[in-house]
Structure formats: C-alpha cells, structure tokens
Amino acid sequence: MKIAFYGSSLVSSYWNGAATYYRGILKALHARGYAITFYEPDAFDRQQHRDIDPPPYAKSVVYPATIDAMNAVLAEAADADIVVKANGVGVFDAELLAGILRHARPDALKIFWDVDAAATLDEMRADASHPVLQALPALDMVLTYGGGPPVIDAYTGFGAARCIPVYNALDPDTHHPVPRDTRFACDLAFLGNRLPDREARVEEFFLRPAAHLPDQSFLIGGNGWESKAMPANVRHRGHVYTAEHNAFNCTPRAVLNVARDSMAHIGFSPATRVFEAAGAAACLITDAWEGIEQFLVPDREVLVARDGQDVADHLAALTPARAEAIGAAARARVLAEHTYDLRAEQVDALFQAHRAKQPA
C-alpha cells in the first residue's frame with residue numbers, strides 16, 4: 001500500500017523533535033511492505049541542517065514553502081491508499097489538513113497523526129473553529145505519539161471516529177551503546193530545545209540541581225539556550241545532531257529527561273529522548289509523570305524525580321556501578337517491549353483492519 005505523509009521534516013531534526021519518531025515508524029512500516037512518500041516544506045532552516053540523507057525507506061519530497069508548491073504536492077495524495085497529515089508542519093497546517101481531505105480518494109484511509117496531542121487539544125478547547133476540530137468528521141482515525149486514556153477520551157469526545165496512541169520507541173539500529181566521547185563528559189546531561197512550555201521545568205529539574213551541586217558538572221544541548229543565564233558548572237553545546245546522540249547519552253554518568261508542561265500534565269507521553277537514552281544503556285533520570293511505569297520501572301530501569309531536589313539527591317547518591325545497572329536494565333526493557341518494529345506491527349494491524357472493513 002502507498003502512504004502519502006505530510007509532516008514537518010524527515011531529513012532534519014533541527015527544531016523538529018518528531019524526526020526520530022517519523023524515521024523509526026516509517027522505516028519499520030517500509031519493512032512491512034509499505035511504499036512511503038514524505039512531503040516536507042523547505043522552512044525554518046531545516047534543509048540547511050540536515051542530519052540524514054534521503055533514506056531508502058521513504059521517498060523524500062521537499063517543496064518550497066509556498067501555496068502553489070503545497071497545492072502541487074497535495075494533488076499527489078490522490079495516488080495514495082493512506083494519506084497522513086501530521087501536526088506541527090509549521091507552514092500552512094490548516095491548508096494541508098483541508099487539502100488531504102479534498103484530494104484523497106474516497107476509499108483512502110485518512111489520518112491525522114498528532115505528535116503534540118496535549119497542545120492540539122488545548123487549542124481545540126479554546127477555538128470552536130479549529131481546523132482539526134472541523135476535520136474530525138471526515139477523518140478515519142487520529143493517531144498520537146502519546147497521551148494514553150486522557151487523550152483518547154478527549155479526542156473521541158470531540159468526535160474522532162477512533163483515537164489510538166502509537167508511542168515513541170527505539171530503533172536499535174540508530175540508537176545503541178557507543179564508546180564515550182570526551183566532548184560530552186559530565187555528571188548530568190540534558191538534551192532539548194528551549195521552548196516556552198518547558199523552560200520553567202528545565203530551570204527546576206536541571207539548573208536548580210546544578211546550583212545545588214557546584215562540584216559536579218552539567219551539560220545542556222539543544223537550540224535556544226545561548227542567552228540563558230546558567231550556573232558556572234553548566235556547559236552549553238547548541239544543536240546536537242542525531243549522529244551524536246549515542247555519544248551524548250553514553251558518556252555522562254546520567255542523562256535527564258524533562259517533559260514539556262502539557263506532556264507532563266496529561267501523562268503517558270514519553271519523549272523520543274527516553275527511548276534514545278535507554279537504547280544507549282544510559283542511566284536516565286526523568287521528571288515524574290503519570291504512566292511512566294508502563295514504559296520503565298522506577299528505581300530499577302529509571303530514576304524518577306518530583307522536583308530539582310530529587311534530581312540532586314539521585315545524582316549525589318548515584319555510583320557508576322548503579323548507573324550502569326540502571327542503564328542495562330532500561331536497554332533490555334525497551335528492546336523487549338518498545339521498539340519501532342513493535343509499533344509498526346500495531347500500526348499495520350490498524351491499517352489492515354480498516355482495509356478489511358472497506359467495500360471491495
């Protein structure tokens with residue numbers, strides 16, 4: 001079956017946290033026989049910061065960020081058996097969503113794939129004319145990369161025919177243990193872009209422990225932190241390319257995950273970083289959020305912190321041997337239960353079940 005997928009970017013993770021998710025899911029679906037074309041706009045300097053070449057598992061189509069170019073690629077939706085609009089493209093999102101519904105064949109499976117469901121739902125609650133809300137009656141299903149029961153209930157309450165979480169996961173071919181790299185040597189590392197709905201949590205869970213532990217070293221990677229005041233024991237590295245993620249995760253004594261406000265509030269939303277770190281056998285410290293036990297066992301496969309003081313306490317007590325044991329247990333868990341091959345099996349079953357219901 002052919003999939004036409006309209007998203008933010010497949011070839012660049014620059015200001016694009018969904019890249020790892022797209023790559024893992026689409027690579028695994030391709031292995032199951034799907035022919036995939038990924039359409040992305042040339043916007044936000046992403047093409048100037050590509051971190052992979054166009055992959056063999058999907059045809060990459062980069063189009064100018066103009067109405068005419070968007071309409072041209074939307075017309076190609078008519079050739080697909082499955083048409084997907086992901087949220088957060090950042091250029092003509094409303095027009096893309098309306099366009100896939102206009103151009104898709106009547107028998108095509110039409111999907112909204114929400115990689116930021118908490119934010120989308122908040123927008124829909126505030127705006128009765130929201131494009132996603134208006135499109136729900138014509139969509140066959142909504143897929144999300146997190147959210148669990150609260151997101152399912154909210155989307156079905158808004159009128160979605162079906163809402164199914166397809167969680168982040170691990171591609172063991174791309175995220176795995178590697179030798180340590182002195183560029184990333186520290187006691188605690190955090191990787192994430194500076195975003196308004198995460199900055200206060202980064203201050204609490206990362207910068208506060210750094211201030212409390214002046215004899216330990218901290219490293220922050222990601223875009224936007226250049227102008228942020230930080231304790232003297234914190235180093236900033238800017239954008240960390242995907243090819244460097246394994247070394248970034250393997251080198252520190254521990255790595256930190258900090259959810260955005262909306263994700264932490266709604267729960268059941270592990271970021272890609274959680275599985276990247278676990279896949280590299282890193283010792284992960286995460287802020288607390290509902291549903292963590294569904295993915296990793298606290299105190300055995302992950303350390304959970306309610307606030308910055310908990311992070312400082314975990315770090316002060318963390319020996320290299322314990323860090324290694326937690327990382328090894330986390331890697332074993334995600335390899336057994338949370339790979340993109342398993343997620344693709346779930347998605348393939350959804351697609352096949354829908355196809356079986358369609359008239360011949």
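For the reader, a short list of remarks on this structure follows.
- Taken over region 118-266, the ratio of Cα radius of gyration to 2.2 N^0.38 Å equals 1.29.
- Share of pairwise Cα separations in region 54-141, more than 22 Å, in percent: 27
- Exposure check, 1.4 Å probe, all protein chains in place: Cys186 carries approximately 20 Å² of accessible surface.
- Residue order for Arg102, Arg333, Arg180 - accessible surface, 1.4 angstrom probe, largest first: Arg180, Arg102, Arg333
- For the chain, adding -39500 (n - 2.57) for each run of n ≥ 4 DSSP H residues and dividing by the number of residues yields -10500 deg cm²/dmol at 222 nm.
- Rounded accessible area of Thr251 (nearest 10 Å², 1.4 Å probe): 10
- Heavy atoms of the protein chains alone define the surface here; on that basis the chain has 40 Å² accessible area per residue at 1.4 Å probe size.
- Between Ala138 and Gln294, the contour length at 0.36 nm per residue exceeds the Cα-Cα span by 52.9 nm.
- Its Cα centre serving as origin, region 217-307 has a Cβ charge dipole (Lys and Arg +1, Asp and Glu -1) of approximately 320 debye.
- For region 1-103, the fraction of 1.4 Å probe accessible surface lying on carbon and sulfur atoms is 53 percent.
- If the segment from Glu123 to Asp261 were pulled out straight at 0.36 nm per residue, it would be longer than the present Cα-Cα gap by 48.2 nm.
- Region 268-343, Cα convex hull volume normalised per residue, Å³: 77
- The Cα-based radius of gyration and maximum Cα-Cα distance (Dmax) for region 309-348 are 15.2, 45 Å.
- Here region 185-300 was treated as a single set of alpha-carbon atoms; its pair distances binned every 5 Å from 0 give 2, 12, 23, 25, 22, 13, 3, 0 percent.
- The Rg/Rh ratio for region 1-153, using Cα coordinates for both the radius of gyration and the Kirkwood hydrodynamic radius, is 0.94.
- Computed label-point distance, nm, for sites Ala243 and Glu337 using a 7 Å Cα→Cβ extension: 3.5
- Long-range lysine pairs (8 or more apart or interchain), the chain, Cα under 23 Å: 13
- Computed over region 155-217, Kirkwood Rh from alpha-carbon pairs, angstrom: 16.1
- Eigenvalues of the alpha-carbon gyration tensor of the chain, scaled by 5 and square-rooted, set the equivalent ellipsoid semi-axes at 36, 20, 20 angstrom, largest first.
- Additional length obtainable on full extension of the chain from Ser227 to Ala200, 0.36 nm per residue less Cα span: 8.2 nm
- For Tyr39, the accessible area of its heavy atoms, probed at 1.4 Å with every protein chain present, is near 10 square angstrom.
The values are calculated or read from the model by the stated rules, or taken from the named source; none is laboratory data. As the structure is a computational prediction, the values presented were derived from the model and not from experiment. Note that we place each Cβ from the backbone using ideal geometry, even for glycine, and neighbour counts take in every protein chain shown. When the accessible area is computed, the model is the full protein with side chains, heavy atoms only, and any ligands, DNA or RNA have been set aside. Shrake-Rupley method; radii C 1.70, N 1.55, O 1.52, S 1.80 Å.
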